[in-house]
C-alpha cells in the first residue's frame, strides 16, 4: 500500500510540474507578446491592502492581462518572491505578465508633475494637489504647525507665505505632510541667510519680509518692477502712510469667503486687519506665497523717492514722487483704458485715501 501511495504522490507531483510548465509556456508564448505598434495605455490605482487576487482581476478587467485566474496561479508558482506594491501604475494593453509583475514589484508608480505658480494662497496651492487626487481636501488645512519652519514663523498661526512656488513631482501616495515638508524645504533654500540679514538691516523680521514680498508678488506683473514696488512700500512705511494695496483687500475677503473676483468701491472699507486701506503698517501676515524674485525685491528694494504707482496699459506701472504727479498718471491711465466692460473704480477716488494710494 505504501508503494501505491508513493506512486500517487510522484504522479501528483509530476502532474503539478506539468501544469506549472504548461502555464508558464501559455503565458510566455501565447498571450504575453504585445502586438506591434503603439498600444493604448491604462492607469490603475491599487490602494494599500489590495489582495493579490483583486490585483490580477483588475488587470484582466482592464485588458492588461488575458486571464486573472491563470495570471494569479503563475504569480504564486513562479513570482511569489516579488511582493506587489500598492500605488498608481500605467500599463499598455496587453502586456507581458513578467513586465507587469516587475513594474508593480519595483513600485514603478506614475509620477505627477504639479507646477505651483507664484502668488497663490495656501488654499489655492493645496487645491492644485488634492484636485489631482494627491493628499486630500481635509489633509492639507490641518497642517498649520508653524514649528515645521523653526526660527522664521514666530507669531504666525499658519504657513501662508512659506509654501514655496516650484515644480513638484509627486505620486498618488505622497502625503500632504510630505508635500508641505518639501515646499518648506524649498523656501528655506530660496530665502537665504544673506536675504534674512538684508531683511534685518531694513528692520524686518523674516515674517515681515515675507509679508512685504507677498504684496510685491501680487502687484508686480512685470518682475523687473518688483524692487521699485518694494521701494515704494518701504517709503510709505517709513513715512507712516498706509500701504493701500489692492491685493490685501482681495486676500482679506478670500479669508472670509467673500471674494467674488473683483474689487468694488465698497470693498475698500471691508473690515479686516489685512485691509491696508484701513490698517496702518504691514498686514498681520503674508497674503500669498511669493517666489524668489519677490522675496529678493522685498529685502533689496530699489532706492527711490517714489511714493505712488498706478497701472499703465502695458502691463506695468507708472511711478510718481508726488501726489500731483500721481494724479496726472491716473488721468493718463484712464485715457488709455480700453472702452468696453466697466472697470472697478480706482482707489484714489475714495475719500478714505486723500493722500493717494500706490495701487491701481
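List of remarks:
- Each 10 Å bin, from zero up to the one with the longest distance, holds this percent of the alpha carbon pairs of the stretch 192-349: 11, 39, 38, 11, 1.
- Ranking of 173, 214 by neighbouring Cβ atoms within 10 Å, starting from the fewest: 173, 214.
- Fewest neighbouring Cβ atoms within 10 Å first, the residues 296, 90, 242 line up as 90, 242, 296.
- With a simple spin-label model that places each label point 7 Å from the Cα along the Cα-to-Cβ direction, the separation between residue 336 and residue 158 comes to 3.6 nm.
- Taking the number of Cβ atoms within 10 Å of each Cβ as an exposure proxy, the fewest-first ranking of 159, 202, 212, 84 is 202, 84, 159, 212.
- Chain lengthening between residue 124 and residue 254 when straightened (0.36 nm per residue, less Cα-Cα): 45.7 nm
- Between residue 85 and residue 221, the contour length at 0.36 nm per residue exceeds the alpha carbon distance by 44.4 nm.
- Annotation: peptides 274-287, 70-83, ranked by per-residue average of other Cβ atoms within 10 Å with the highest first, follow the order 274-287, 70-83.
- Pairwise label distance in nanometres, residue 138 with residue 173, each label 7 Å out on the Cα-Cβ vector: 2.2
- Between the stretch 174-216 and the stretch 74-138, the alpha-carbon center distance in angstrom: 31
- One decimal place: the segment residue 69-residue 271 gains 66.1 nm when fully extended, by the rule 0.36 nm per residue minus the C-alpha distance.
Just so you know, all these numbers are worked out from the coordinates, no wet-lab data involved. Keep in mind the model is a prediction, meaning the values are calculated, not measured. Every residue, glycine as well, gets a Cβ built from its backbone with ideal geometry; the counts of neighbours run over all protein chains shown.
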